[in-house]
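The values are calculated or read from the model by the stated rules, or taken from the named source; none is laboratory data. Since this is a predicted model, take the numbers as computed values, not measurements. Cβ: placed from backbone, ideal geometry, glycine included. Neighbour counts: every protein chain shown. Accessible surface areas use protein heavy atoms only, side chains included; no ligands, DNA or RNA. Shrake-Rupley method; radii C 1.70, N 1.55, O 1.52, S 1.80 Å.
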Amino acid sequence: MTRALATALVALTMLSTSTLAQAQTQSPRPATPGRPIDVAVGGVFIGPTSYGDADANETRPDGSPLPIFTTSNRVAPGFGAEVSLTFAVTRRLALEATGAWQRADFETEISNDIEDADPFTSSLASSRFVVEGAMLWQIRGGGKTEMFLRGSAGWMRELVGNGSLREDGMLGSAGFGIKHWWRERITGAKRRRVGWRIDGRLQIRQTGLSLGDDKIRFAPLVFGGIVFGF
């Protein structure tokens, strides 16, 4: 019994010594970078949004309408600036906070005048401030190029002219985006990347400055900018 115990202790000691020696001769494993945080800064282009047509009428003595002119209303194509902060939750899922300023003109085209006046268009400058929360789902990654789906919802404030007319509302968007990293450096557990990002989105809204019509409206939006990864 004693001889068997001694033999087992010697064998265990030799095994532990051999394992320790192998561990000391192996090179240390590099630290794994943490979950990334991205900051994107760039510009946006917004397509036009139609607000439909309306007739300006007077009433004849018999009570029937007398068309005076027709108006066609829309928000013209615009531009803006956007900043987003993206946090990776899992390998595929990320959460994003976005702030944006957008500028476009409210336009009204007047035509079919009863006195045959030439059609003309009047415009009024407007600004829109947007704060959104979004979810990004990566459909391709693991290399320099990443592709993802993006859905968002948020709050907006629209100001017309010098701010005398303002309205708050909600909006959302859905779309597809690409990130391409052209430079990457890993130092220990720190990771630094620089690249570009392009998103194509469909912006959806109902409230805000609606010109008396609360229909759901759509507008295409394109974002392009520089992205920094940490």
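Of all residues in the range 179-194, which are exposed (fewer than 14 other Cβ atoms within 10 Å of the Cβ) and assigned to a strand (DSSP E or B)?
Trp182, Arg183, Glu184, Arg185, Ile186, Thr187, Lys190, Arg192, Val194
Quick check on Arg197: is it under 19 Å from Tyr51 (Cβ atoms) and either assigned to a strand (DSSP E or B) or over 13 Å from the mean Cα position of the chain (by Cα) (or both)? Lay out the reasoning, then the answer.
On the way: under 19 Å from Tyr51 (Cβ atoms): no; either assigned to a strand (DSSP E or B) or over 13 Å from the mean Cα position of the chain (by Cα) (or both): yes.
Against the criterion (under 19 Å from Tyr51 (Cβ atoms) and either assigned to a strand (DSSP E or B) or over 13 Å from the mean Cα position of the chain (by Cα) (or both)), Arg197 does not qualify.
For the range 195-230, which residues satisfy the criterion of being among the basic types (Lys, Arg) and either open to solvent by 60 Å² or more (accessible area, probe 1.4 Å) or in contact with a Phe, Trp or Tyr (Cβ under 6 Å, 6 or more places away or on another chain) (or both)?
Answer for the range 195-230, where residues must be among the basic types (Lys, Arg) and either open to solvent by 60 Å² or more (accessible area, probe 1.4 Å) or in contact with a Phe, Trp or Tyr (Cβ under 6 Å, 6 or more places away or on another chain) (or both): just Lys215.
For the range 109-147, give me each residue that is in contact with a Phe, Trp or Tyr (Cβ under 6 Å, 6 or more places away or on another chain) and open to solvent by less than 30 Å² (accessible area, probe 1.4 Å).
Across the range 109-147, the qualifying residues are Ser126, Leu136.
Please determine whether any residue of the range 53-75 is within 30 Å of Pro36 (Cα to Cα) and either at pLDDT below 90 or open to solvent by 30 Å² or more (accessible area, probe 1.4 Å) (or both). Talk me through it step by step, then tell me what you get.
Pass one, the range 53-75, residues within 30 Å of Pro36 (Cα to Cα): none.
No, the range 53-75 contains no residue that is within 30 Å of Pro36 (Cα to Cα) and either at pLDDT below 90 or open to solvent by 30 Å² or more (accessible area, probe 1.4 Å) (or both).
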